[in-house]
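To start, the structure under review is shown below, and the notes come after it.
Just so it is clear, none of the values below were taken in a lab; they were calculated from the coordinates. It should be emphasised that the depicted structure is a prediction, and the values quoted were computed from it without experimental measurement. Virtual Cβ from ideal backbone geometry, glycine too; neighbours counted across all protein chains shown.
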Amino acid sequence: MSKSLPLIVVVGLLSAIVHAQEPAAADKSAKPAKDASVAAASEEAAEDPEKVDWSQVDWRKRLTKFQYYITREAGTERPFRNEFWNFFKPGEYRCVGCGAPLFESDAKFDSECGWPSFDKTIIDKAITEHLDLKMVQPRTEIRCRRCEAHLGHVFNDGPTDTGLRYCLNSAAMKFVPEKQLKEELTKTKKTGSAAATEGKPAEKPVAAVETAGEKP
Ligand SMILES: [Zn+2]
């Protein structure tokens, strides 16, 4: 048996070399972005059915003073002086208040406005929209659907296909790098608790941005 082993190894190696030289048909799809399993897991997490009475949460204990000012008092941080305005690593952005997934790095673009900008949310259900009349020009405020944290605003002047520019406060988000997302996915698979995919809503049309705000 031990004598036949080298032959098997040689045959195996030759076979591997031959296969390696075969044209790789659809290899161009290997974009160094997020893989599909991570994206799917993010969607599941975004729809976390966990019930929490967020009105009972002591936000002052849970957040830093600045995070509190931004997310619970609808504050705005300074442009070009915040954590993510010029940050483009692969991963996911979550609500700093409740941890709900909000945006993926694939949707981030450089809007040159000094705040982190995205062209779409991770899922439609991630945020809610509200008419904001604090400035002369009415704006559409965006909040975390799960804990109602103020996140920023959405505008209809986006440069990509969606036509949207979600303009965020960095302090309203925490970034989870792709490596950690994969680790979370592995953990979830091990514990077998990744089954909550039912009831996923259909994607809301883009035009909803203009209609979803409250009337004055
Ligand atoms: Zn939240």
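Loop-only GluC sites (Glu not before Pro) in segment 56-124, please: DSSP not H, G, I, E or B, and at most 11 other Cβ atoms within 10 Å. Present the calculation step by step, with values, prior to reporting the outcome.
Values: sites: Glu73, Glu77, Glu83, Glu92, Glu104, Glu112; in loops: Glu73, Glu77, Glu83, Glu112.
Qualifying residues, ordered by number: Glu73, Glu112.
What's the FRET efficiency of Thr160 with Asp53 using the Cβ-Cβ distance as r and R₀ = 35 Å, to the nearest 0.05? Write out the running numbers ahead of the final one.
Values: r = 37 Å, r/R0 = 1.06.
Efficiency, rounded to the nearest 0.05: 0.40.
For segment 164-180, backbone phi angles converted through the Karplus equation (6.51, -1.76, 1.60; θ = phi - 60°) give residue-by-residue couplings of 10, 10, 7, 9, 10, 8, 4, 5, 8, 10, 10, 9, 10, x, 4, 4, 5 Hz, Gly and Pro being listed as x. Under the combined filter of DSSP loop state and at most 15 neighbouring Cβ atoms within 10 Å, segment 47-115 retains these chymotrypsin sites (Phe, Trp or Tyr not before Pro): Phe80, Phe87, Phe88. If you count Lys pairs in segment 55-178 whose Cα atoms are under 20 Å apart, skipping same-chain pairs closer than 8 places in sequence, the total is 10. Taken one residue at a time, the phi angles of segment 53-69 give Karplus couplings (6.51, -1.76, 1.60, θ = phi - 60°) of 7, 5, 5, 8, 6, 7, 5, 5, 7, 7, 10, 6, 4, 6, 4, 5, 4 Hz. Gly and Pro are set to x.
Charges at C-beta only: +1 for Lys and Arg, -1 for Asp and Glu. How large is the resulting dipole of segment 55-178 about its Cα centre, in Debye rounded to 20?
Details: 19 positive and 18 negative charges, 134 e Å.
It comes to approximately 640 debye.
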